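Asks: Let me begin by handing over the structure; questions about it come next.
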Amino acid sequence: MDFTKYIEKVDKDVAYIIKQEVKRNRENLLMIASENYADEAILQAQGSVFTNKYAEGYPGKRFYQGVEWCDKIEQLAIDRAKQLFGAEHANVQPNSGSQTNQSVYLAVLAPGDSILGMNLAAGGHLTHGAPASSSGKLYKSHSYGVNKDTYLLDYDEIAAKAKEVKPKIIVAGASAYPRQIDFKKFREIADSVGAFLLADIAHYAGLVAVKLFPDPVPYCDFVTTTTHKTLKGPRGGLILCREKYAKAVNSAVFPGMQGGPLMHVIAAKAICFGEALKPAFKLYQEQVIKNAQLLGAELIKKGYKVLTGGTDCHLILVDLRPDNITGKDAALALDKAGITLNKNGVPFDTQNPFITSGIRVGTPAITARGMKEKEIVMIAGWMDEVMKNSTDEKVIKSVRAKVLKLCGKFPVYNR
Ligand code: DSN
């Protein structure tokens with residue numbers, strides 16, 4: 001794909017930077033669990049003339065003229081999202097995952113109401129009530145974590161916390177939790193205190209779509225997700241909910257949170273949902289999980305502390321405290337070697353969030369390139385080499401060369 005054909009003619013500086021980013025996409029092993037390679041078709045839709053259009057409102061009820069094709073594309077995205085997740089209602093307009101959660105809160109909470117969500121330090125997301133986010137500033141936020149021995153969600157503890165704080169909404173879902181989430185149990189807990197239940201499946205949505213991860217839709221009042229992680233679509237958000245909340249959710253998104261929807265991104269979301277409905281998507285997600293499980297097993301074999309002993313999804317968390325290297329130093333050295341992942345706090349971490357004691361490693365993007373078991377074994381070996389020799393430039397250079405060679409065998413964006 002020619003990413004800069006027209007940009008070259010008007011802005012050489014921007015063209016140069018984009019080309020470097022394309023090179024990075026091609027020549028690095030992208031293993032940040034929340035990232036993926038959007039297909040060329042998705043990128044083309046995002047670069048389409050829909051970027052020119054204002055379409056405030058919803059299909060059939062807009063504030064502008066000239067929206068006949070906007071209506072068609074948004075309705076197509078809505079219908080496909082509903083079909084994919086078996087949901088009663090879908091809002092495809094949120095620009096991001098954060099805005100999906102903020103919109104749900106706006107739809108059903110008043111400032112000062114309480115939220116019970118997963119603690120950021122235990123693997124939750126900022127928008128689940130973290131003090132730095134609007135969810136922690138506008139609402140009274142309470143949090144639950146994981147069990148200190150198993151690092152698993154402890155539903156009895158969550159139930160006890162819910163009884164204690166009586167939240168108006170409970171948020172299930174995480175950004176760094178490698179195991180299945182029992183949404184049925186969360187429903188029981190929510191019912192026991194009369195709370196709404198929101199599942200934020202931003203990380204797991206691709207797996208949920210093909211039923212390889214527990215389905216929250218039957219149990220939750222609201223389900224939110226991004227579309228660019230395991231779903232492999234454009235950067236954006238999606239809200240699913242019961243029909244009885246459709247009006248409240250729609251009004252919260254627009255005019256509550258946003259103005260004109262990004263119609264070019266909605267076009268790309270329609271493609272994303274269409275692709276996810278095809279049989280090949282399930283095979284892809286199966287391999288994503290197999291790759292993550294094997295990566296965890298390989299690192300355990302090499303002596304690493306992989307939290308919870310592995311994973312049920314697309315990511316693993318490695319606690320590096322026994323290895324005398326911080327998350328920051330590991331992530332920097334690995335990136336130098338062409339293995340790009342992120343430092344991550346582990347539950348009960350005593351390091352500050354800029355240093356951290358762990359790394360989070362994801363397989364969606366390398367699996368999208370076609371990498372399988374054979375490559376995972378090699379990658380685990382290289383990670384080990386680098387983390388054990390993180391200041392040895394010779395080792396880093398030699399792994400970098402091997403990464404480059406492997407990436408050359410699994411080309412991306414070469415159509
Ligand atoms: N920032 C995302 C992640 O990396 O998990 C979550 O929104």
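Quick note: the coordinates plus some simple rules give every number you see, no bench work behind them. Being a predicted model, the structure only gives us computed values, none of them experimental. Positions of Cβ are backbone-derived with ideal geometry, glycine not excepted, and every protein chain shown enters the neighbour counts.
Asks: Given 0.36 nm per residue, what is the gain on full extension from residue 166 to residue 44 after removing their alpha carbon distance, in nm?
Replies: Net length gain for the segment: 39.2 nm.
Asks: Give me the percent of DSSP beta bridges within the stretch 120-226 that run antiparallel, rounded to the nearest 5.
Replies: Once the DSSP bridges in the stretch 120-226 are tallied, antiparallel ones form about 10 percent.
Asks: The stretch 1-70: percent of C-alpha pairs farther apart than 17 Å?
Replies: Of the Cα pairs, 62 percent sit more than 17 Å apart.
Asks: Please work out the Kirkwood hydrodynamic radius for the stretch 54-178, using every pair of different C-alpha atoms, and report it in angstroms with one decimal place.
Replies: Values: mean 1/r = 0.0604 Å⁻¹.
In the stretch 54-178 this quantity evaluates to 16.6 Å.
Asks: What do you get for Rg/Rh of the stretch 358-399 when both radii come from the Cα atoms and Rh is the Kirkwood radius?
Replies: Answer for the stretch 358-399: 1.03.
Asks: A follow-up question, please. Give me Rg over Rh for the stretch 332-412, both radii from the alpha carbons and Rh done the Kirkwood way, two decimal places.
Replies: 1.00
Asks: Got the relative contact order for the chain handy, in percent, Cα pairs under 8 Å and 6 or more residues apart?
Replies: Values: 849 pairs, mean separation 89.4, N = 415.
Relative contact order for the chain comes out at 22 percent.
Asks: Counting other C-beta atoms within 10 Å, which of 387, 378 has the fewest, and how do the rest follow?
Replies: Placing the least packed residue first, the sequence is 378, 387.
Asks: Quick one: length gained pulling residue 409 to residue 283 fully straight, 0.36 nm per residue minus the C-alpha distance?
Replies: Stretched out fully, the residue 409 to residue 283 stretch lengthens by 43.3 nm.
Asks: Next question, about the same structure. Per residue of the chain, what 222 nm ellipticity follows from adding -39500 (n - 2.57) for every DSSP H run with n ≥ 4, rounded to the nearest 500?
Replies: -13000 deg cm²/dmol
Asks: Given the C-alpha centroids of the stretch 222-257 and the stretch 298-357, what is the distance between them in whole angstrom?
Replies: That distance is 31 Å.
Asks: How big is the stretch 75-132 by Rg and Dmax over its Cα atoms, in Å?
Replies: That works out to 13.9, 38 Å for Rg and Dmax.
Asks: How long are the three semi-axes of the equivalent ellipsoid of the stretch 124-175, in whole Å, if each is the root of 5 times an eigenvalue of the C-alpha gyration tensor, listed from largest down?
Replies: 19, 14, 8
Asks: Above 11 Å lies some portion of the pair distances; for the stretch 158-199, what is it as a whole percent of all C-alpha pairs?
Replies: 61 percent
Asks: If eta is 0.692 mPa s and T is 37 °C, what Stokes-Einstein diffusion coefficient results for the stretch 101-242, Kirkwood Rh from Cα pairs, in µm²/s?
Replies: 221 µm²/s
Asks: Just to check, using Stokes-Einstein with a Kirkwood Rh over alpha carbon pairs, what's the diffusion coefficient of the stretch 167-286 at 4 °C and 1.567 mPa s in µm²/s?
Replies: Diffusion coefficient, whole number: 85 µm²/s.
Asks: Right, another one. Kindly put 413, 37, 177 in sequence by how many other C-beta atoms sit within 10 Å of each C-beta, fewest to most.
Replies: The order, fewest Cβ neighbours first, is 413, 37, 177.
Asks: Another question, then. Using the Kirkwood formula over every pair of different C-alpha atoms, what hydrodynamic radius in Å results for the stretch 256-415?
Replies: After inverting the mean inverse Cα-Cα distance, the result is 17.2 Å.
Asks: Give a quick list of trypsin sites (Lys or Arg not before Pro) in the stretch 120-160 that DSSP marks as loop, anything other than H, G, I, E or B, with at most 13 other Cβ atoms within 10 Å.
Replies: Numbers: sites: 137, 140, 148; in loops: 148.
Within the stretch 120-160, the qualifying trypsin sites (Lys or Arg not before Pro) (loop, at most 13 other Cβ atoms within 10 Å) are 148.
Asks: Between residue 147 and residue 302, with labels modelled 7 Å along Cα→Cβ, what's the label distance in nm to one decimal, could you check?
Replies: Result for the modelled spin labels: 3.0 nm.
Asks: For the stretch 150-220, which trypsin sites (Lys or Arg not before Pro) are in a loop by DSSP, counting at most 14 other Cβ atoms within 10 Å?
Replies: In loop regions of the stretch 150-220 (DSSP not H, G, I, E or B), the sparsely surrounded trypsin sites (Lys or Arg not before Pro) are 211.
Asks: Further question: Please report, in Å, the Rg and the Dmax of the chain, where both are computed over Cα atoms only.
Replies: Just the Cα atoms of the chain yield Rg and Dmax of 21.5, 63 Å.
Asks: How much length is gained if the chain between residue 182 and residue 211 is pulled fully straight, taking 0.36 nm per residue apart and subtracting their Cα-Cα distance, in nm to one decimal?
Replies: Stretched fully, the residue 182-residue 211 segment lengthens by 9.1 nm.
Asks: Provide the per-residue ³J(HN,Hα) series for the stretch 340-355, in order, calculated from phi with Karplus coefficients 6.51, -1.76, 1.60 and θ = phi - 60°, each as a whole number of Hz, with x at glycine and proline positions.
Replies: My calculation for the stretch 340-355 gives 9, 9, 10, 5, 8, x, 9, x, 6, 5, 9, 6, 7, x, 7, 9 Hz in order.
Asks: When the distances between all Cα atoms of the stretch 259-320 are binned every 10 Å from zero, what whole-number percent does each bin get?
Replies: Binned Cα distances yield the sequence 21, 30, 22, 21, 7, 0.
Asks: Moving on to the next point. Greater than 23 Å separation of Cα atoms is the criterion. Which listed pairs, 305/405; 12/336; 12/53; 232/328; 305/388, meet it?
Replies: Details: 305/405 29 Å; 12/336 27 Å; 12/53 27 Å; 232/328 27 Å; 305/388 14 Å.
Long pairs (Cα-Cα over 23 Å): 305/405; 12/336; 12/53; 232/328.
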